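Visitor: Just passing along the structure, written as structure tokens.
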Amino acid sequence: MYHSFVKMARALIELLSMPVEDWPAAIAALPPAEAEKHLRDLHRAWVGGELGTRPCPTLDLSEVDRRIGQFFQQQPRSWVESLHVERFAKTESDVRRWCWAPGWSLIEQDEDLMLMDDAFVEPLLEEARERCTKRKYVLGIVAHHVRDSAHHAAWQGSDALEDRLRLARNWRPLARSAEAPDLVEYLERLAGYAERRKVTREEVDTRVFDLRRCHPDVHLVPVVERKGREWIARLDRAGTTEGRLMVDAGSGRMWARGLT
């Protein structure tokens with residue numbers, strides 16, 4: 001067993017001494033069982049942050065991780081699908097590497113909740129722009145975070161919500177750069193809600209869809225009534241009741257209240 005470990009370590013060191021661009025040929029030259037084993041060892045070391053910039057010393061860490069991620073994209077699907085490591089992402093560099101690393105789960109359940117943080121929006125969108133391995137998933141996490149944070153801000157009052165809406169405006173260039181049109185459109189609508197203007201009944205429906213927690217649930221038509229200067233809309237989701245969205249009909253200011 002000791003000699004086998006030494007042999008494995010030497011093979012991995014030899015691989016790391018090559019430019020990343022040469023890894024596919026080096027792996028392909030090995031017997032399949034040995035190649036798959038080296039791939040697992042390499043993956044574990046990469047996810048653990050042990051490789052650093054060693055494979056490409058002249059590049060910054062983010063670019064090295066992107067190149068390694070692209071290397072794994074080129075490997076046989078059956079090998080890649082067998083990879084699995086569970087590890088927290090403790091730093092921004094970890095988050096960026098996670099975007100590229102197949103088989104890396106942060107926790108067994110609700111992994112996306114660990115990445116729903118304002119501080120991670122920029123790195124997630126930047127890696128999505130580079131066509132990271134988990135691009136679709138990453139864009140969904142950002143959209144989910146934007147939606148849920150706006151929903152929760154509404155319960156803190158109109159000022160808190162408008163702070164979130166302005167932040168949505170600031171994230172639009174990142175979403176455009178990532179070529180994520182659906183996210184850009186959503187951020188533009190949210191940013192527009194911070195503008196002072198009259199709000200129609202139809203616009204209230206759109207605001208409810210945009211501020212529902214988790215997802216818009218467009219098949220659940222909002223229940224809306226008008227009382228004086230305010231539109232009052234139920235923030236219901238399928239199977240749940242989550243209070244009311246209050247919309248000033250004359251200015252568009254919004255906030256949330258309970259049902260009582």
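A short reminder: the numbers here are calculations on the coordinates, not readings from a lab. Bear in mind that the values here come from a model prediction, so they are computed numbers and not experimental data. As a convention, Cβ positions derive from the backbone with ideal geometry for all residues, glycine included, and neighbour counts pool all protein chains shown.
Visitor: Take each of the peptides 35-48, 15-28, 67-80, average the number of other beta-carbon atoms within 10 Å over its residues, and list them starting from the highest.
Guide: Sorting 35-48, 15-28, 67-80 by mean packing, highest first, produces 35-48, 67-80, 15-28.
Visitor: Highest mean first, how do 152-160, 56-64 rank when packing is the count of other Cβ atoms within 10 Å averaged over residues?
Guide: By packing density, highest mean first, the sequence is 152-160, 56-64.
Visitor: In degrees between 0 and 90, to the nearest 10, how far off the longest principal axis of the chain does helix 201-211 point, with axes built from Cα atoms?
Guide: 30
Visitor: Follow-up question, since we're still on this one. Which angle from 0 to 90°, rounded to the nearest 10, does the C-alpha axis of helix 135-154 make with the longest principal axis of the chain?
Guide: Rounded to the nearest ten degrees, it is 30.
Visitor: How many angstrom lie between the C-alpha centres of the stretch 161-230 and the stretch 22-69?
Guide: 42
Visitor: Also, quick follow-up: For every other residue with a beta carbon closer than 12 angstrom to the beta carbon of G69, add +1 if it is Lys or Arg and -1 if Asp or Glu, then tell me the sum.
Guide: Once all neighbours under 12 Å are counted, the net charge is +3.
Visitor: Once phi is turned into θ = phi - 60°, what whole-Hz ³J(HN,Hα) does the Karplus curve with 6.51, -1.76 and 1.60 give for every residue of the stretch 165-181, x standing for Gly and Pro?
Guide: Per residue, the Karplus-derived 3J(HN,Hα) values read 5, 5, 5, 4, 4, 5, 8, 4, x, 5, 5, 5, 4, 7, 6, 10, x Hz.
Visitor: Under a 5 Å amide H to amide H cut-off, with H placed in plane at 1.01 Å, what residues pair with E230 once short-range neighbours are removed?
Guide: So E230 has HN proximity to A249.
Visitor: Highest mean first, how do 207-216, 193-202, 137-146 rank when packing is the count of other Cβ atoms within 10 Å averaged over residues? Before the final figure, lay out the partial values.
Guide: Details: 207-216: 18.0, 193-202: 13.2, 137-146: 19.9.
The most tightly packed comes first, giving 137-146, 207-216, 193-202.
Visitor: Taking K and R as +1 and D and E as -1, what net charge do the other residues with C-beta under 11 Å from the C-beta of D248 add up to?
Guide: With Lys, Arg at +1 and Asp, Glu at -1, the net is +4.
Visitor: Please work out which option in [x] -0.77, -0.92, -1.10; [y] -0.86, -1.10, -1.30; [z] -0.71, -0.96, -1.23 gives log10 I(q)/I(0) by the Debye sum over Cα atoms at q = 0.12, 0.14, 0.16 Å⁻¹ calculated from these coordinates, and answer with its label.
Guide: It is the one labelled [x].
Visitor: If I measure Cβ to Cβ between cysteines in the chain, which ones have no partner under 4.7 Å?
Guide: C56, C214
Visitor: Right, something else. With +1 on each Lys and Arg Cβ and -1 on each Asp and Glu Cβ, how big is the dipole of the chain about its Cα centre, in debye rounded to the nearest 20?
Guide: For this selection, approximately 640 debye.
Visitor: Right, another one. Measure nothing but the geometry: give the 0 to 90° angle between the long axis through the Cα atoms of 61-73 and the longest principal axis through the Cα atoms of the chain, rounded to 10°.
Guide: The helix 61-73 is inclined about 80 degrees to the chain.
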